[in-house]
1. Rounded to two decimals, what is Rg over Rh for region 509-573 when you use alpha-carbon atoms and the Kirkwood radius?
2. Students often forget the sequence filter, so: which lysines lie under 18 Å Cα-Cα from Lys3 once same-chain residues fewer than 8 apart are removed?
3. Compute the angle between helix 474-488 and the longest alpha-carbon principal axis of the chain, please, reported from 0 to 90 degrees and rounded to the nearest 10.
4. Which value, in Å² rounded to 10, gives the accessible area of Tyr431 with a 1.4 Å probe and all protein chains present?
5. How compact is the chain by the rule of thumb for globular proteins, expressed as Cα Rg over 2.2 N^0.38 Å?
6. Excluding Cys325 itself, calculate the net charge of residues whose Cβ lies under 9 Å from the Cβ of Cys325, where each Lys or Arg counts +1 and each Asp or Glu counts -1.
7. If you find the alpha carbon centre of region 367-433 and of region 123-173, how far apart are they in angstrom?
8. Assuming 0.36 nm per residue, please report the length gained on full extension of the stretch Glu318 to Glu452 beyond their Cα-Cα distance.
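The values are calculated or read from the model by the stated rules, or taken from the named source; none is laboratory data. None of the values given here were measured: they were computed from a predicted structure. Please note: Cβ atoms are built from the backbone with ideal geometry, for glycine as well, and neighbour counts cover all protein chains shown. SASA here: full protein model, heavy atoms, side chains in, ligands and nucleic acids out. Shrake-Rupley method; radii C 1.70, N 1.55, O 1.52, S 1.80 Å.
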Amino acid sequence: MIKRFIGYYKMQKKLFAFDMFCAFIVAAADLFYPMIARSIINDYVPNRDLRNLLIWCAVLLCVYALKAIMNYIVGYYGHIMGVRMQAQMRHDMFEHLQKLPFKYFDETKTGSIMSRLINDLFDVSELAHHGPENLFLAAMMFVGSFVILSQINLLLTAIIFAFLPPLVLVAVLMRRRMTAAFKKSREKIAEVNADVETAVSGIRVSRAYTAADSETCKFDAKNGEFVTARSGALEAMGRFHASMTLATDLMYLVVILSGGLFYFNGQIDIGDFAAFLLYISLFLTPVRRVIDLFQQLQEGMTGFRRFTEIMDTEPEAESPTATDCGELNGEIEFKDVTFAYSEKDGARLVVNDLNMRMKAGRTIALVGPSGGGKTTICNLIPRFYELTKGIITIDGKDITEMTRQSLRRNIGIVAQDVFLFAGTIKENIAYGKPDATDDEIISAAKRANIHEFVSTLPSGYDTYVGERGVKLSGGQKQRISIARVFLKNPPILILDEATSALDNATEMLIQQSLEELAHGRTVLVVAHRLSTVKNADEIILLTREGVKERGTHEELMRLGGEYATLYKYQFKE
């Protein structure tokens with residue numbers, strides 16, 4: 001995992017090298033100051049050498065000015081590097097999410113994904129900036145201090161540095177507990193985000209059922225779990241900080257005691273003693289940097305670990321022999337198709353040994369009770385899910401031997417649950433064809449009978465539809481989604497309750513447009529309202545047992561079976 005993390009530095013190697021160079025100047029400036037102070041105390045002040053005193057004070061002023069500039073560069077450009085790395089990770093995660101199978105999103109809460117994409121990667125960027133910088137500065141100060149102090153008094157230096165191994169041991173022991181605590185904290189904040197996302201998405205339902213108190217109680221419960229988990233992480237971090245601070249304070253005490261004894265015995269002079277105190281002050285700074293680094297390491301690496309969990313999730317598998325299918329005619333055949341949704345409590349069989357053929361250019365309607373697999377069949381054709389058994393062919397070719405992009409390019413879908421993206425009406429209609437001209441967009445809108453409504457809006461096609469199209473009615477959203485398919489103009493259409501949100505008058509208008517669009521194309525229609533499928537070339541009645549009846553409307557009515565019963569029930573008045 002460390003190797004993968006370091007890999008993101010390669011993309012910012014120039015900025016990283018510049019940041020490290022500036023950090024080197026800062027460390028060198030810190031090491032330079034005590035040596036000048038030592039000379040001033042031992043030489044210039046006792047000998048009243050005002051000239052050298054002023055010269056070296058001027059040098060120190062220049063060193064401090066340079067250090068200030070370097071600190072600004074490290075603080076600004078170092079954070080810029082961290083932000084860019086964070087942006088690259090976020091890009092990689094988002095791009096990977098686009099390739100994950102639908103099964104992943106069925107089993108993962110949206111809020112949890114958002115938490116990993118936003119919150120976790122923020123801490124990763126902080127680690128990316130401060131981690132190498134603090135480690136580099138600490139190493140510079142440790143090595144530089146040791147070399148210089150050894151030249152002043154090797155024995156006293158050895159006594160001081162003997163405290164380092166116990167300090168490192170305490171840090172390692174404390175780190176283990178912090179790792180588990182911070183991981184649990186991350187998981188709990190992800191659950192809080194998931195609950196917030198669900199509550200905000202369903203705000204209209206909760207208001208309609210006056211369930212605000214219930215939603216608040218559920219949120220408070222999750223929020224309380226987060227507080228408990230975070231408290232555990234902070235308690236572990238508090239112990240770590242207290243232990244490290246005590247260790248560094250004891251080290252300072254040892255310097256004062258040992259240095260004082262060495263001075264009394266004439267082994268060092270007052271300037272050397274002062275230099276030791278100054279260097280130990282500088283030496284404790286990188287120790288504190290390392291302490292801070294441990295906290296950043298816990299939060300950052302916990303976030304990066306959760307990032308890699310998503311990145312390691314297998315994307316939609318593509319056959320190595322898959323090719324671009326080009327433009328399809330649309331003859332679809334199901335051969336012994338079986339499909340089961342994978343659930344934590346066991347597989348749920350939805351389609352079992354289905355055999356069905358849809359000739360190109362014909363309209364096939366799927367009807368029947370809920371749970372019969374109609375929508376599932378619609379999802380299997382564009383390979384939103386992988387078959388448990390059997391094959392589906394289009395124009396005689398197995399769809400697994402077609403690239404997903406080329407397959408889905410040939411399919412247009414209007415689902416029962418209409419989804420509009422936050423943007424304008426124009427952007428939503430042109431979603432499947434971003435390079436469409438205004439005339440093409442308007443033509444598609446007219447065929448979907450939404451143009452007149454759009455024309456009445458102050459901003460016309462540039463009207464913002466709100467999140468998920470919240471500013472539009474259900475029928476208006478449905479017609480925009482239908483216009484989207486008109487514009488895409490694919491050879492295969494899947495209409496899953498495409499007119500379910502429309503009133504009867506609008507439905508008749510849309511039905512005429514859909515019939516026009518269906519001409520010469522393969523159309524799969526899922527409908528509960530049987531009046532909308534009377535003119536289909538073939539109607540297939542699906543139940544949990546599979547295909548129960550099939551034929552034209554007239555044939556099924558003459559058969560007098562389950563379809564006829566359902567039809568008569570809907571029109572019994």
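1. Values: Rg = 12.5 Å, Rh = 12.8 Å.
On the Cα set of region 509-573, Rg over Rh gives 0.98.
2. Output for Lys3: Lys13.
3. 90
4. Approximately 130 Å² of Tyr431 is accessible to the 1.4 Å probe.
5. On the way: Rg = 35.0 Å, N = 573, 2.2 N^0.38 = 24.6 Å.
The value comes to 1.43.
6. That sum, taken over residues with Cβ under 9 Å, equals -2.
7. First find each Cα centre; the distance between them is then 59 Å.
8. My answer for the length gained is 43.9 nm.
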